[in-house]
């Protein structure tokens, strides 16, 4: 649901194609300290990152299927995969 509080408000939408086809992106998390978006690639056992300043992607392969992503204030990325919690920085 989108609420618009002013007729002068401008909404910009963006759309990016993830490099890995059929990756099943879920669990998006924004890191305000770096301006990057992190997401789980549920179908391909990867963690993805979109740098909004350059519109470029980075993907990391991991041994498990991630489903939830979180980023702390130091830029560490945490993920949940079935019965495991993982971290990388």
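The numbers here are math on the coordinates, done by the rules we state, and not lab data. A quick note: this is a predicted structure, and the numbers were derived from the prediction, not measured. Virtual Cβ from ideal backbone geometry, glycine too; neighbours counted across all protein chains shown.
Tabulated results
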item	result
Residue order, fewest to most surrounding Cβ atoms within 10 angstrom, among 82, 46	82, 46
Contact order relative to length of segment 25-88, as percent, for alpha carbon pairs under 8 angstrom and 6 or more apart	27 percent
D (Stokes-Einstein, µm²/s), Kirkwood Cα radius, segment 25-88, 0.692 mPa s at 37 °C	284 µm²/s
